[in-house]
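To start, the structure itself, in C-alpha cells.
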Amino acid sequence: PVGGNTGYRKSILIGMRKHWQIYLLIILPVLWYVLFAYYPMAGLQLAFKSYKVRDGIWGSPFNGIANFQIMLSDANFFRAVGRTLQINVLRLLLCFPAPIFLALMFNELRIGKFKQILQTIFTFPNFLSWVIVAALFNNVFQLDGLINGVITALGGKEINFVGSTKLFQPFLYGTDIWKNAGYSAIIYIAAISGIDQDQYEAARIDGANRIQRLLYITLPNLLPTISVMFILTCGGLMSAGFDQVFNMSNPATKNVAEILDMYIYRITFQGSVDYGFSTAVSLFRSVINMILLVIADRGSKAMGGNGLFV
C-alpha cells in the first residue's frame, strides 16, 4: 500500500508537469475563492462573540450562544423568518416555472430571426439593477405615474399601488419574472439544444404532433436540468430577494416587506450596531439554507431525479 501511494503521488506530479499550463490558469480562480469565499468565513466567529471595535474580530471576547439566545427571544425575528419563507416559497411556485415556459416557447418558434429578437428583448431586463427596476416601477405605478394617469383620464380614481400592502408581494413576483425569466431561460434553451434531434425525427415519422413531441421528448430530456435548478433555488429560500425588496419597499409597506435579510440589515445598520448579533442571524440563515438544499437534493433523488451530491 505504501508503494502504491508513492506511485500514485508520482503519477500526479508527472501529470502536473505535463499539463502545467492548465494548472497555472487555475491558480487565479483558486486564489479568488480562497481570499473572497473561504477566508471571510473566519468572520463567522463573531456569532459567538461580543464585538468590540477596539479589539477587532479576533480580540473580541467570546459570549457563547448569547447572541442566539437573544435572536430566539425576539418576536420580530420569527416574523421575519415566516415572511421570508412565505414570499420565497410563493416565488418558487410562481417564478421558477416562468423561464421553463419561456424556453419551451422559444423552442417552438420556427422563424430564426424573430426568435433571436425575442430572446434579446426578454434577456435585456436582467442587466438592469434593481435600483433602476424599482425606479421604473415607481414611475409607472405611483400616484402621479403612468397607470394612474390613464385611470384618471378615463374618469376613475387614483389607486395607491406603490403603498398597498396587498399588492406588494404580487408586484415582487411580477417584477422578478420580468427581470429574470429571460436570462434564466438561457440555461433551459441550452439544455433543449443538446437533445438528440433523431428523437424528434423518429416521433414525426410515427405521427406525433408538436404537443406530443413537447410532452414526451422535450420535457423528459429537460427534467435533469430542471431538477438541478430546483435544488439550487431551494438552497436560497432563506436569502433570496434582498436587493429587490430593499429597493421596492417603502414606509407604507414596511410591515409586509421585512424578510430575514431586511431584518439583518435593520439590526446591523439602522439601530445600535451589533455585528455579533447580526452575524448570528446570518449564520442561522445559512444553516437553514444548507438544510433546505440537502432536503431538496435527497427529495429529488428519492423521486428518481438527479441530485447535486453523491
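The values are calculated or read from the model by the stated rules, or taken from the named source; none is laboratory data. Remember, it's a predicted structure, so these values are computed and weren't measured experimentally. Positions of Cβ are backbone-derived with ideal geometry, glycine not excepted, and every protein chain shown enters the neighbour counts.
Looking at residue 268, is it buried (at least 20 other Cβ atoms within 10 Å of the Cβ) and farther than 21 Å from residue 100 by Cα? Criteria not met by residue 268. Selection over the stretch 109-126 of residues that are in a helix (DSSP H, G or I), exposed (fewer than 13 other Cβ atoms within 10 Å of the Cβ) and without any contact (Cβ under 8 Å) to a residue 12 or more places away in the chain gives a count of 6. Taken together, 98, 75 contain a single residue that is within 26 Å of residue 186 (Cβ to Cβ), hydrophobic (A, V, I, L, M, F, W, C) and modelled with pLDDT of 90 or more, which is 98. Flag: residue 211 does not match the condition of being assigned by TED's automatic domain parsing to the domain that holds residue 123 and closer than 16 Å to residue 106 by Cβ.
Would the stretch 66-82 turn up any residue that is within 23 Å of the chain's Cα centre (by Cα), assigned by TED's automatic domain parsing to the domain that holds residue 276 and aliphatic (A, V, I, L, M)? Taking every residue of the stretch 66-82 in turn, at least one turns out to be within 23 Å of the chain's Cα centre (by Cα), assigned by TED's automatic domain parsing to the domain that holds residue 276 and aliphatic (A, V, I, L, M).
Scan the stretch 116-126 and give yes if some residue there is out of contact with any helix residue (DSSP H, G or I) (no Cβ under 8 Å at 6 or more places or on another chain), modelled with pLDDT of 90 or more and more than 24 Å from residue 235 (Cβ to Cβ), otherwise no. Looking for residues that are out of contact with any helix residue (DSSP H, G or I) (no Cβ under 8 Å at 6 or more places or on another chain), modelled with pLDDT of 90 or more and more than 24 Å from residue 235 (Cβ to Cβ), one finds none in the stretch 116-126, hence no. Note on the stretch 137-213: enclosed helices (runs of 4 or more DSSP H) holding 1 or more residues that are in contact (Cβ under 8 Å) with a residue 60 or more places away in the chain and under 27 Å from residue 228 (Cα atoms) are 165-193, 210-213. Before we move on, is residue 42 without any contact (Cβ under 8 Å) to a residue 60 or more places away in the chain, of a type in the set (A, V, I, L, M, F, W, C) and either farther than 30 Å from residue 175 by Cα or assigned by TED's automatic domain parsing to the domain that holds residue 186 (or both)? Yes, satisfied.
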